[in-house]
Amino acid sequence: MEHEIADPVGTRPGLITGAGGQLGAALADYFPDAEPLMRSDWDVTRRYPFGWKPELVFHAAAWTKVDDAEADQDAARLVNVKGTRNVVALGAPVVYYSTDYVFDGEKTDPYVESDATNPLNVYGQTKLEGEQEVRAGWIVRSSWLFGWSGNNFLRTMLRLGAERDEVAVVDDQRAAPTYVDHLALATKDVLKLPHGVYHVAADGDCTWADFAEEIFFAAGLRCRVNRISTEEYGAPAPRPAYSVLRSEKDAPRLPHWREGIRDCLLRIG
């Protein structure tokens, strides 16, 4: 079914970019007064096509294919930087969702908002450049997002766990897998805070291999995890070995990542 949008002039309470993605879909649930725009409604790399203006923008549209960004830097920058510039040009405060990949992973304790950024890959660099486009609003950094829709690690593991007896998963990268519904709900509290940068990620932390094992356990799948190194996996894009996010600015705290898995599986059914 096509998403139909009336186009009167004037203003509306809010707008959600990237509403077809996992985070955008969750935001549409928690902010029903905001207009959810799919890429087919507005490709943010192009001029805004409507006569009405939002009073607030939830900017979830992004190039998130980390490895593909290494081979197509211009395309990633077009979406993550120019796209954000086009959103900012609407003149409304922006909630810009960013990533733990703006950090290099050299720390061994959680990254807080005042820590220096140093992206290792093109995706992280373009998301950081997107942060720098925001003039008024909230930059919300989170990590390892997963949800009930779209393409994400949890859904991939559910598929592979049903097909295979064993999967190889990286065990030397550590962060906090964050359920998009928990992040969307917490955004309500972020909006009560002064404009600025906030770290909003799940409680706890784990490796990708830990995450996979917990998914299989929670879903009742009898699939083993073969723990491998980042080098063995051989992904094109370098990734931080440690990118756990915590807040020094009283940002909302989210439930534990294991609770996120269980809530997500309940929603998937």
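Descriptive notes on the structure:
- Atom-type composition of the exposed protein surface of the chain places 47 percent of the accessible area on carbon and sulfur (1.4 angstrom probe).
- Between L191 and L78, the simple label model (points 7 Å from Cα in the Cβ direction) yields a spacing of 3.2 nm.
- By DSSP, the beta bridges lying fully in the chain are antiparallel in about 5 percent of cases.
- For the chain, dividing the convex hull volume of the Cα atoms by the residue count gives 124 Å³ per residue.
- Measuring r between the beta carbons of R224 and K107 and using R0 = 30 Å, the FRET efficiency lands at 0.45.
- Evaluated over the chain, the count of Lys pairs having alpha-carbon atoms less than 23 Å apart is 12 (only pairs 8 or more residues apart or interchain).
- Label-point separation in nm, F217 to L265, each point 7 Å along Cα→Cβ: 1.0
- The slack in the chain from E55 to A116, taken as 0.36 nm per residue of separation less the alpha-carbon distance, amounts to 18.8 nm.
- Among 208-218, 127-137, 54-64, the order from most to least packed when residues are scored by Cβ within 10 Å on average: 54-64, 208-218, 127-137
- Secondary structure note: in region 123-269, about 15% of the DSSP beta bridges are antiparallel.
- Computed over protein heavy atoms with a 1.4 Å probe, the accessible surface of the chain works out to 47 Å² per residue.
- V57 sits among other residues whose Cβ lies under 11 Å from its own Cβ, and their net charge, with Lys and Arg +1 and Asp and Glu -1, is 0.
The values are calculated or read from the model by the stated rules, or taken from the named source; none is laboratory data. These numbers were taken from a predicted model, which means no experiment stands behind them. In this analysis, Cβ positions are derived from the backbone assuming ideal geometry, glycine residues included, and neighbour counts consider all displayed protein chains. Heads up: the accessible areas ignore ligands, DNA and RNA and are worked out on the full protein's heavy atoms, side chains in. Shrake-Rupley method; radii C 1.70, N 1.55, O 1.52, S 1.80 Å.
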